[in-house]
Amino acid sequence: MTLFEKYNSDKPSENNHLLLSSLVIRSAIITDSHTLAEILNAREPGDLAQIIKNFQDEISSLDSSGRLLLVAEYNSQVIGYARAVYFMRSASSNSRNCPEGWYLNGVIIEPKYRRNGVASILIKSRLDWIVKRANKAYYFANARNRVSIEMHEKFAFKELTRDFVYPGVTFEGGEGILFEIDLTTK
């Protein structure tokens, strides 16, 4: 099992316009919990019932939690999701060099739909949502995750630092990079 999509510099599928023309991006709803859990469990196996409950809890509290959870739907089937979270430093959080603000926090797409532009649309959708709330947004990645880094560079994310700690996140087998985007130019 690998956490990162295998790097391939080839262009996405030429048939991706069929997928993208039918793609719907929307906020997650409680009935998405099982499908979202299956998508995550395929990538990071765990207790499926607990993962479902975690998604149910997250979706139930979205309006009041400083979180955004978007799903990508193709032919009425959820094929991926992405989050944005508001990070606020606190005395109890173990953080270093992490600015307060909105962070793009993970994109997971079902393997058979990858390399078709779905993740890029989820990035743009989250940035469009954040720009109404903030002047900057952040994102971090393992330095080994070239696919994610190159995808975010297309949106003008710039490296901010490699010397940071974000609560609860480790960069197994690599170093983390924190990126920033200036949304005032969007």
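Tabulated results
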read-out	value
Some residue of region 22-40 being modelled with pLDDT under 90 and not charged (D, E, K, R)	yes
Filter pass, PHE171 being over 21 Å from LEU70 (Cα atoms), touching a Leu at 6+ places or on another chain (Cβ under 7 Å), in contact (Cβ under 8 Å) with a residue 12 or more places away in the chain and of a type outside the set (Asp, Glu)	no
Selected residue [touching a residue at least 40 places away in the same chain (Cβ under 8 Å) and among the hydrophobic types (A, V, I, L, M, F, W, C)] from PHE164, PHE157	PHE164
Flag if ASN41 is in contact with a Leu (Cβ under 8 Å, 6 or more places away or on another chain), on the phi > 0 side of the Ramachandran plot and not small (Gly, Ala, Ser)	no
From ARG144, ARG126, residue being touching a residue at least 40 places away in the same chain (Cβ under 8 Å), part of a loop (DSSP other than H, G, I, E, B) and within 24 Å of ILE39 (Cβ to Cβ)	ARG144
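Table: residues versus (1) crowded, with 20+ Cβ neighbours inside 10 Å; (2) among the charged types (D, E, K, R); (3) out of contact with any Cys (no Cβ under 6 Å at 6 or more places or on another chain); (4) in contact (Cβ under 8 Å) with a residue 40 or more places away in the chain.
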position: GLU44; (1), (2), (3), (4): no, yes, yes, yes
position: ASN54; (1), (2), (3), (4): no, no, yes, no
position: VAL71; (1), (2), (3), (4): yes, no, yes, yes
position: ALA82; (1), (2), (3), (4): yes, no, yes, yes
position: ARG89; (1), (2), (3), (4): no, yes, yes, no
position: PRO99; (1), (2), (3), (4): no, no, yes, yes
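The values are calculated or read from the model by the stated rules, or taken from the named source; none is laboratory data. What you are looking at is a predicted structure, and each value in this text was computed from that prediction instead of being measured. Because the Cβ atoms are built from the backbone with ideal geometry, glycine has one as well, and the counts that use them run over all protein chains shown.
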